[in-house]
Every structure is written in structure tokens, then in C-alpha cells.
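The values are calculated or read from the model by the stated rules, or taken from the named source; none is laboratory data. On a predicted model such as this, the values are computed, not experimentally measured, just so you know. Note that we place each Cβ from the backbone using ideal geometry, even for glycine, and neighbour counts take in every protein chain shown.
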Amino acid sequence: MYSQLNIRTAAARRTALKALAATAVSVTMMALPPSQAHAQTPGRMIELIVPFPAGGTNDVVARILADGITSELGQKVVIINKPGASAAVGSSYVARSTPDGHVLLLGSQGSHSANPYLFKSLPYDPLKDFAPVALIGKVNNVLVVPSALPIRSVGEYVAYVRANPGVVNFSHAGVGTSMSLAGELFKLQTATRIVSIPYPGSAQATLAVISGEVQSMFANTTSVIQHIQAGKLRPLGVTGALRDGLLPDVKPIAEQGVPGFAMQSWFGIFAPVQTPPTVVERLSSVIRKVTTSPESAKKLEALGIATSNMSPREFQDFVYADNAAIGQLIQRSGIKPD
């Protein structure tokens, strides 16, 4: 090539080499798919999609992450709420986004494990349309009853339910939520009849228990801790295999006559499926650093979230296993969308 260019001086040679290098870079960028050509653009904004309304636990978790990621990467993270259809609206938006690491989803057990078994025409596939990036952490629920009800243990609750078959009920924020799923699992493992009562949200479901309108609830620990401390609700047992840091004196349900009982919700970050592995690994490393840092871990633990440090592959295996377990539970219980 150089003989064709007829380069005769060192200066001309340097000029020609610079031109050739620029041309090579241009050709390489044209050959790469958009997801790789524009991946990790410095300074470009990252959208973190929360598929639920602003103001809830999902929103708080997203803000903790956004602050940490912005600090680590130097890229502004903007939280965008896209609620609707039990997280399907926001999830499908991310699934269809350009896979370059600049649009991420705050996913959960509902969006990735329950939805595909509850909705026949889901506009996304939770296992095929996403690249799992990082598990933020797991969350316990707690079985609570009104303080006026003379029940002080899981064993007493089971006895009360069996003495009143089909009369005792539990409230929740919608079929497929962790509150709903925990109740259905409890019914199956204790062979009891407890009536499922859905409410528009967890706040309404909680007030229903406090007022005595319903007799029980498998509530998110964070959402009811203030009512427990105020003496309005009595905690009977936590749904995880281990005790909850927010309720250290409350035993797991599994230790109170329901062996093997375990139900935890979770939060995780997902990218579109064709996001380059290098981008996924980089984001995973940053998010894991953020969630396990003393400052962020303390904030997340205050929400009842036990943080995790899974690799993308470990998180993928976790999602597949949880999807299968929740699918089996939904099929066995026969529950349907509200």
C-alpha cells in the first residue's frame, strides 16, 4: 500500500499513517453492531426504569443505586417510573431498548417469576429478553395479626385457622405479589383454608389488618415495622429461612411447625438480552460495589433488604430457579390475576 501512495518523506509517512488509522477506526465502528459501537459512552446518561409508581420501596432502592452508580461511573443515572400491568409496561420497555448498557430495569420476583405464569399475553419473556446484571438483595415478609387477636405464635395461628375453616382471611396488594405468594405457600404447606383478600396497595392491605377487617397479612417487614413497634400489629413469624435484622426476636415460620417454609422477595438489575458481556460485567461490578459498600448496605438493610454479591451468571441461575419455584407454586395454588 505504501508503494502505491509513493511516500517519499518521513513527514508524509506520518501523515499517511494517521489517515489510515482514522479510516480503520471508522471501518471498525461501522462493522460493530450498535450495541457494541456505542457501549459505555462516557458521560452519557443511564436510565434506570422502575416498573412501579414513585414513592414505594422500589423507588427508594432505585435512588440508593442511582447515587452510588453515578459516583462510581461519573455518569448520571436518571430514574424513570413506568408503572402499569403488574410491571409489564416498564419491563417490556427495557426489553425493547438498545442493548448498550444505558437502559436498565429494576426487576423483582413479580416481574420475572410470577408474571409469566399469571398473564397469558405477557409482552416480554423474563428469561429470554434480559441479561441479568446483579442481584441487589432479598427481602423477608412477616406474618402479622391485629394486636387485639389473642394469637402469639404460628402454631396458634394454624390452630385458629383450622378451628375456623374458610373464615380467616389474609390481605395483600395483589395476586402475584410476595404477600400473596407467601400466603398461598403457607396454605399449601399447612393444608389450611385461608381466604385471599386483594387490596389496591400494601398501605390499604395493612390498614385492613390494623382495623380488624381481616385477620392476617404476610407483609413486607419494612412496611409494617412502625405498626409493630406501635403495638398495632403482632408479628408471628418471618417468611425467610433466617431471622430478619429488623425483627431479631421473631422466629422464622419454618422453625414454628412449618418445616421447609421459605419465601423471600428480591430486587435485581437487568439489561436487554444482547447487551455485550463486557458491559454487563462492568455494570455488575459497579452495582455490587455500591450495594456492598457500608453506606449503601446500611440504607438497604434499613429497608429490610439483605444485600448480595452474586456474579451475573450466579444471578441468572438464581432467577431461573426462582422462576421455576414460583411457577410451580402458582400452578399448584391455582391463583389467577385480580
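Is it true that some residue in the stretch 256-272 is more than 22 Å from the chain's Cα centre (by Cα) and not in a loop (DSSP other than H, G, I, E, B)? No. Being acidic (Asp, Glu), buried (at least 16 other Cβ atoms within 10 Å of the Cβ), more than 22 Å from Ala254 (Cα to Cα) and at pLDDT 95 or above, is that true of even one residue in the stretch 126-149? Yes, there is a match, as at least one residue in the stretch 126-149 is acidic (Asp, Glu), buried (at least 16 other Cβ atoms within 10 Å of the Cβ), more than 22 Å from Ala254 (Cα to Cα) and at pLDDT 95 or above. For Met179, the criteria (1) more than 20 Å from Asn115 (Cα to Cα); (2) of a type outside the set (Gly, Ala, Ser); (3) free of Cβ contacts under 8 Å to residues at least 60 places away in the same chain hold in every case but one, which is (1). Suppose the filter is in contact with a Ser or Thr (Cβ under 6 Å, 6 or more places away or on another chain), hydroxyl-bearing (Ser, Thr, Tyr) and crowded, with 16+ Cβ neighbours inside 10 Å; does Ser86 pass it? Considered against the rule, which asks whether it is in contact with a Ser or Thr (Cβ under 6 Å, 6 or more places away or on another chain), hydroxyl-bearing (Ser, Thr, Tyr) and crowded, with 16+ Cβ neighbours inside 10 Å, Ser86 comes out as no.
The residue pairs whose first member lies in the stretch 97-116 and is among the charged types (D, E, K, R), whose second member is part of a helix (DSSP H, G or I), and whose beta carbons are closer than 9 Å, counting only pairs six or more residues apart or on different chains, are Asp100/Pro34; Asp100/Ser35; Asp100/Gln36; Asp100/Ala37; Asp100/Val279. What about His102, is it more than 12 Å from the chain's Cα centre (by Cα), outside the structural domain of Gly231 (by TED's automatic domain parsing) and surrounded by 17 or more Cβ atoms within 10 Å (Cβ to Cβ)? Judged against the criteria, His102 is a match. How many residues, within the stretch 95-116, are closer than 19 Å to Ile287 by Cα, part of a loop (DSSP other than H, G, I, E, B) and in contact with an Asp or Glu (Cβ under 9 Å, 6 or more places away or on another chain)? Residues flagged as closer than 19 Å to Ile287 by Cα, part of a loop (DSSP other than H, G, I, E, B) and in contact with an Asp or Glu (Cβ under 9 Å, 6 or more places away or on another chain) within the stretch 95-116 amount to 1.
Candidates Thr206, Thr278: the one that is among the hydroxyl-bearing types (Ser, Thr, Tyr), part of a helix (DSSP H, G or I) and either without any contact (Cβ under 8 Å) to a residue 60 or more places away in the chain or in contact with a strand residue (DSSP E or B) (Cβ under 8 Å, 6 or more places away or on another chain) (or both) is Thr206.
Only one entry of Ile335, Ile287, Ile330 meets the criterion of being in a helix (DSSP H, G or I) and under 30 Å from Glu156 (Cβ atoms), and that entry is Ile330.
Scanning the stretch 290-327 for residues that are outside any helix (DSSP H, G or I) and either over 30 Å from Phe186 (Cβ atoms) or at pLDDT below 95 (or both) returns Thr292, Ser293, Ala302, Leu303, Gly304, Ile305, Ala306, Thr307, Ser308, Asn309, Ser311. Restricted to the stretch 121-161, and to residues there that are outside any strand (DSSP E or B) and of a type in the set (Val, Ile, Thr), the residue that is nearest to Val286 (Cα to Cα) is Val154. Applying the condition of being touching a residue at least 40 places away in the same chain (Cβ under 8 Å) and among the β-branched types (Val, Ile, Thr) to the stretch 286-308 and asking which residue is farthest from Gln226 (Cα to Cα) yields Val286.
Is it the case, given these coordinates, that Ala163 is touching a Gly at 6+ places or on another chain (Cβ under 9 Å) and modelled with pLDDT of 95 or more? Answer is no for this residue. Scanning the stretch 235-293 for residues being crowded, with 16+ Cβ neighbours inside 10 Å, of a type outside the set (A, V, I, L, M, F, W, C) and under 20 Å from Ser108 (Cβ atoms) gives a total of 11.
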